[in-house]
Amino acid sequence: MNNKILRFTCLLLLTAICQLLTVFLHAAEPVTKVTAVVIGTVEGRQTATVTLNDNVVIREININREPRSGIITLVYPEYMSKQERLIPQVAIENQKLGEEIRKAVVEQKPSTEKPVDIVYKIAKISKYRDKNSQVKAFGSIIFNNAVRVEARIMDSASGLWIAWPGRKTKDGAWVKQFDLKSQPLKQAVEKAVLAKYAVVQSEEP
């Protein structure tokens with residue numbers, strides 16, 4: 001009888017611990033909300049500019065509408081490589097956030113929920129093979145475990161710097177397709193990317 005009571009008590013404790021862990025992990029997961037959405041036209045295409053948590057800005061999101069069904073899909077900024085490969089520059093890796101962004105674009109209305117801070121991690125640094133190029137490496141940065149952004153580490157006379165996703169227009173002007181509104185956050189991210197690049201360089205034989 002005592003063994004049964006002990007096993008039952010242990011089971012209750014284990015269940016309670018699991019529930020507490022679930023609540024803790026859910027609370028620790030960064031929440032990302034659409035805090036602004038603007039619809040416009042770029043070179044004849046309908047596009048959206050979306051701001052997440054009053055900070056992360058994604059521009060030139062192409063709005064594609066299926067002619068028959070009217071279903072809308074979003075295409076985030078891409079880059080055409082020299083090998084004619086389309087490389088995503090911004091990717092939404094959280095399905096729920098992807099659906100929220102699509103809803104905000106369709107309804108042209110942001111979330112009413114209070115935004116939270118942005119957290120980030122550097123997922124990868126890949127060195128560029130062409131040693132004669134100003135591009136020295138590519139970096140993948142993930143914001144709030146939901147938005148992956150591809151940046152380039154560039155070299156110039158003034159030193160290394162970070163080029164965020166963007167494109168040149170026909171007249172040679174540069175259009176930013178991604179930006180961080182908070183300068184302290186932007187500087188912290190860029191400093192961390194360059195520090196990780198230095199580590200990658202130091203590890204080479």
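Picking from 195, 123, 157, which is most flexible by a Gaussian network model of the chain using Cα springs under 10 Å? Residue with maximal mean-square fluctuation among 195, 123, 157: 157. Shown for 158, 81, 111: other C-beta atoms within 10 Å of each C-beta, ranked fewest to most, produce the order 158, 81, 111. As a proxy for reagent exposure, ranking 185, 52, 86, 180 by other Cβ atoms within 10 Å from fewest up yields 86, 185, 180, 52. Are there GluC sites (Glu not before Pro) in the range 102-205 that DSSP puts in a loop and that have at most 15 other Cβ atoms within 10 Å, and which ones? Of the GluC sites (Glu not before Pro), the ones in loops of the range 102-205 whose Cβ has at most 15 other Cβ atoms within 10 Å are 113, 203. Relative to the longest principal Cα axis of the chain, at what angle does helix 183-202 sit, 0 to 90 degrees, rounded to 10? With both axes taken from Cα atoms, the answer is about 90 degrees. Stretching residue 57 away from residue 156 to a fully extended chain increases their span by 33.0 nm, per 0.36 nm per residue minus the current alpha-carbon distance. With an a/c value of 1.5 or above and a/b not larger than b/c for the gyration tensor axes a ≥ b ≥ c computed over the alpha-carbon atoms, the range 115-205 is described as oblate.
Only Cα pairs under 8 Å and 6+ residues apart enter the sum, and on that basis the relative contact order of the range 34-202 stands at 19 percent. With 23 Å as the limit, the listed pairs 82/186; 33/186; 109/181; 33/191 have 82/186; 33/191 beyond it between alpha carbons. Springs between Cα atoms under 10 Å define the GNM used for the chain, and in it the highest mean-square fluctuation of 128, 76, 120 occurs at 128. Stretching residue 202 away from residue 170 to a fully extended chain increases their span by 7.6 nm, per 0.36 nm per residue minus the current alpha-carbon distance.
Potential lengthening of the chain between residue 186 and residue 163 amounts to 7.1 nm, from the contour at 0.36 nm per residue minus the alpha-carbon distance. Projected onto planes of every orientation and averaged, the convex hull of the alpha-carbon atoms in the range 34-202 covers 11.5 nm².
Structure remark: mean-square fluctuation, Gaussian network model of the chain, C-alpha springs under 10 Å; the largest value among 87, 71, 142 belongs to 71. Note down the nm distance, to one decimal, between modelled labels 7 Å out along Cα→Cβ at residue 122 and at residue 91. Label-label distance for residue 122 and residue 91, simple model: 2.0 nm. Please determine, in degrees from 0 to 90 and to the nearest 10, the orientation of helix 95-107 with respect to the longest principal axis defined by the Cα atoms of the chain, where the helix direction is its Cα long axis. The angle comes out at about 60 degrees.
Any read-out appearing in this document is the output of simple, stated calculations on the displayed coordinates, not a laboratory observation. These numbers come from a predicted model, not from an experiment. Cβ sites come from the backbone with ideal geometry, for glycine too, and all protein chains shown count toward neighbours.
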